[in-house]
Amino acid sequence: MQTRRSFVRMAAGGIALAEAGLIGSWARAELPQGTLDSEVRETLPGKQPLIKRSFRPPNYESPVDSFDDVLTPNDKFFVRWHLANIPRIDVRAWRLNVGGDGAERGFELSMDQLKRDFEPAEFVAVCQCAGNRRGFSAPHVAGVEWGSGAMGNARWKGARLKDILARAGLKKEIVEIAFNGSDRAALDSTPAFVKSLPAWKAMDENTLVAYEMNGAALPHWNGFPARIVVPGWSATYWMKQVASIRALVQPLASFWMNTAYRLPIGKFPIIDRFTSQESATTTPITEILINSLITNVSAGQRFAAGQPLQFKGIAWDAGYGIRGVEISVDDGRTWQSATLGESQGRYSFRTWQFTCPARAAGRFPVMARASNAQGTVQPAELIFNGPGYHNNVVQKIAIEIV
Amino acid sequence: MTIKTRFGSALLFCIFAASAFGGESPIKLVGGAQATVVQLRCSTCHSLDYIVMNSPFLTRAAWEAEVRKMMKIMGAPIPEDEVAPIVDYLTQHYGAN
């Protein structure tokens, strides 16, 4: 495993190359200096060491080596909270409260009832923070300055939300389904972190109230004992420690819906819309974008001349399906197809690998570019937006042959 | 558990923070005594690494927007007469050059 010191050394190597003018504008794809200065490897209870972005609320990202396997281990899965008080939940006392003004009847479920009364569904899906890679935004923007590890891929098991809502009896006029968790802010004056989904997405057969992750109970830091799983959609909707589900006949009014997690309308190639929350200029973030990550190469890494180069990584999208991944080692002039690994389902990471013939000594960027079944390709230029969401620009990692 | 008073909530939080986030204490902001009001007001709700992490690229206007957001939206009880000193400090030590 990469140590803190080697990580710093590699980061410094990348900066040295940038200062030498060898990687030109790529230097702007660096994390802010203060982010580098304040990051440390820290171990939360039950977790492997992760990259600490903030202690409180706890925001920790997965090191890139967490993505060596297609499934991200639970103890390496990233941690993201908006509010600082995250109670330890006693699952025997835990209840999921279901109701709202759009429901015919309210009720509570214990964990035993949730597991026993509803047929379980299970699949692999990517959970990706809306702000993953915000730290690489150019220019930099305020927020948690994530690198590439505010995401993970897990096998989720749980009850279908539509089956739970059927028991509540939805009225015809419902527009959204809202979720609240057990987390609390330090001050009572801070708004609760509540989120809603459009009714159609909540009723999708793949939207779950999940109680298992990779065959085990959810880690405390990832929402034990149950969280919402919305495959293909940004993790902002994947409510952790879910405590209540409300059927609503009016759109949810909340800072976290009306102000945060919003995108300029028309800026991104998005199909799924959330019309009840749209304004004239902005829309809530919905589905995640086509993206990829090179997982076995670090900036400034050196390789021996005369040897073939092995590159590997992952690609993912909102569930349309990965069509292909292409690799360039000549600054994007030419591209060759990587070999895709076995599919783990349309919502999962798809692994890929590529063998590059031996190259002469010198420095050059390695680039990976994924496309999906919709024909959408990762952009060559960042689609800049003020909140720093949806960074899916093609990566460039400068390496050196010596 | 419901904590009704702000004081009670803050007290509970401090106990929780001390046990769960022991690694937080090493964060020291630069600037000596100037940092005191920032540490007091900001660390009630979040660790101070948020400030360092978001540096050095925010302008004075952007830092003021952050402070105002904490007051208006997040409910931080920061007196109006402390806003300018806090923004000055953040801009000087953690702002865009």
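None of the figures in this text is laboratory data; all of them are computed from the coordinates on show. Keep in mind the model is a prediction, meaning the values are calculated, not measured. A quick note on method: Cβ atoms are made from the backbone with ideal geometry, for glycine too, and the neighbour counts reach across all protein chains shown.
Structural remarks
- Theoretical FRET efficiency, 1/(1+(r/R0)^6), r = Cβ-Cβ of A:E381 and A:T259, R0 22 Å, to 0.05: 0.20
- Positive end of the dipole of the protein assembly as shown (Cβ unit charges, origin at the Cα centre): among A:F274, A:L340, A:V242, the Cα lying farthest that way belongs to A:V242.
- Alpha-carbon centroid distance for the pair region A:86-140 / region A:209-233, whole angstrom: 7 Å
- Cα gyration tensor category, rounded, prolate or oblate, for region B:30-94 with a/c compared to 1.5: rounded
- Counting only GluC sites (Glu not before Pro) that DSSP places in a loop and that have at most 15 other Cβ atoms within 10 Å, the longest clean stretch of chain A runs over A:1-103.
- Cα long-axis angle, helix A:4-19 against chain A (0 to 90 degrees, to the nearest 10): 60 degrees
- Rounded to the nearest 20, the Cβ-based charge dipole of region A:314-398 about its Cα centre (Lys and Arg +1, Asp and Glu -1) stands at 100 debye.
- Charge dipole magnitude, Cβ of K and R +1, D and E -1 - region B:30-94, Cα centre, debye nearest 20: 160 debye
- Radius, Kirkwood style, for region A:291-401 when every pair of distinct Cα atoms is counted (Å): 14.6 Å
- Euclidean distance of C-alpha centroids, region B:49-81 and region A:338-399, integer Å: 35 Å
- Cα gyration tensor category, rounded, prolate or oblate, for the protein assembly as shown with a/c compared to 1.5: oblate
- Charge dipole of the protein assembly as shown (Cα centre as origin; +1 on each Lys and Arg Cβ, -1 on each Asp and Glu Cβ, all else neutral): 320 debye, rounded to the nearest 20.
- Residue (of A:L165, A:P120, A:A84) at the positive-pole extreme of the protein assembly as shown, dipole from beta-carbon charges: A:P120
- On the basis of the beta-carbon distance and an R0 of 41 Å, A:T275 and A:Q310 show a calculated FRET efficiency of 0.35.
- Taking each residue as 0.36 nm, the span from B:L40 to B:A61 lengthens on full extension beyond its C-alpha to C-alpha distance by 5.4 nm.
- Charge context of A:L248, other residues only, Cβ under 11 angstrom, K/R +1, D/E -1: -1
- Dividing the mean sequence gap of close Cα pairs (under 8 Å, 6+ apart) by how many residues region A:291-401 holds gives a relative contact order of 35 percent.
- Separation of the A:R333 and A:N97 label points, Cα + 7 Å toward Cβ, nm: 6.5 nm
- The protein assembly as shown - mean residue ellipticity at 222 nm from DSSP helices (-39,500 (n - 2.57) per run, n ≥ 4, rounded to 500): -5500 deg cm²/dmol
- Label-to-label distance for B:K72 and A:K172 is 4.1 nm, based on points extended 7 Å past Cα in the beta-carbon direction.
- Computed on chain A, with alpha-carbon pairs under 8 angstrom and 6+ residues apart, the relative contact order is 16 percent.
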